[in-house]
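Here's the structure we're looking at; comments come further down.
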Amino acid sequence: MTDRKVPASLIYEEINGVPYYYRGYRAVLSRQKTTEEVMGASALQSAIVSLLIHVLYKYLPFDEYLIATNEPGLHLAPGNNLSNDIAVFDQASLPTPLDDKYFSVPPRLVIEVDVKIDLPNNVSETEYVYDKTQKLLDFGAQKVIWILTKTRRTLIAQPNERWILTNWDDAVEILPGCAFELNLLLRSKGVIV
């Protein structure tokens, strides 16, 4: 199956000119699933994003930040277009008015929940997470947080600092004055982990 047969609607990201498709895209091509079925997030992924959005809005000054969700696209360079679960932008860095294109300025913070793409055979999930994280940091993000539901781990990466891998019982600082403990948040909504 060649990339030419895959519709653009099934591309999740493009890294170094290589399209990365939504996990399950082959089932769409064989008509076993609809496009919408492979684009959706799990209940746990959705709950995590919702709870983190609540934390962000509670602690970050509304006038200083734009909190973008729903897979906001980032255009880093030609052939490098990334999607995020949550991207927090300094309001002052954004062009006004916003247009119908991907963001082209770096977010201050990116939060990702799981890998949602079909990886090529020669790329592991770990390699993808590290590569995407480094691209975001090189673009100018000040922090990238990955929440991984299979392993119940959180990866925190900042430029020129050691990356930290921790579990969901530890407090994670999002930005100064804004932190979360994921297991505590999930328990507060009756999610058993």
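The values are calculated or read from the model by the stated rules, or taken from the named source; none is laboratory data. Bear in mind the structure is a predicted one, so any value in this text is a computation, not a measurement. Neighbour counts run over all protein chains shown; Cβ positions are idealised from the backbone, glycine included. Calculation scope for accessible area: heavy atoms of the full protein, side chains included, ligands and nucleic acids excluded. Shrake-Rupley method; radii C 1.70, N 1.55, O 1.52, S 1.80 Å.
Can you pull out every residue in the range 9-57 that is charged (D, E, K, R) and either buried (at least 18 other Cβ atoms within 10 Å of the Cβ) or farther than 29 Å from Phe180 by Cβ (or both)? Write out each step before concluding.
Taking the range 9-57 as the starting set, the residues that turn out to be charged (D, E, K, R) are 13-14, 23, 26, 31, 33, 36-37.
Across the range 9-57, the qualifying residues are Glu13, Glu14, Arg26, Arg31, Lys33, Glu36, Glu37.
If we keep just the residues of the range 95-124 that are of a type outside the set (S, T, N, Q) and open to solvent by 70 Å² or more (accessible area, probe 1.4 Å), which is modelled with the highest pLDDT? Let's see the steps before the verdict.
Initially, the range 95-124 is screened for residues of a type outside the set (S, T, N, Q), giving 95, 97-103, 105-120, 123.
Of the ones still in play, those that are also open to solvent by 70 Å² or more (accessible area, probe 1.4 Å) are 95, 97-102.
On the way: Pro95: 89, Pro97: 90, Leu98: 91, Asp99: 91, Asp100: 90, Lys101: 91, Tyr102: 94.
Once the filter is applied, the top-ranked residue is Tyr102.
The residue of the range 171-193 that is surrounded by the fewest Cβ atoms within 10 Å (Cβ to Cβ), among those that are within 20 Å of the chain's Cα centre (by Cα) and outside any strand (DSSP E or B), is Asn183.
Kindly list the number of the only condition in (1) farther than 24 Å from Gln142 by Cβ; (2) out of contact with any helix residue (DSSP H, G or I) (no Cβ under 7 Å at 6 or more places or on another chain) that fails for Asp131. Failing condition for Asp131: (1).
Within the range 44-85, the set of residues being assigned to a strand (DSSP E or B) and without any contact (Cβ under 8 Å) to a residue 24 or more places away in the chain comprises Ile67, Thr69, Ala77. Taking every residue in the range 138-159 that is under 20 Å from Phe103 (Cα atoms) and open to solvent by less than 10 Å² (accessible area, probe 1.4 Å) and pairing it with any residue that is part of a loop (DSSP other than H, G, I, E, B) and polar (S, T, N, Q), at least 6 positions away or on another chain, yields no pair with a Cβ-Cβ distance below 6 Å.
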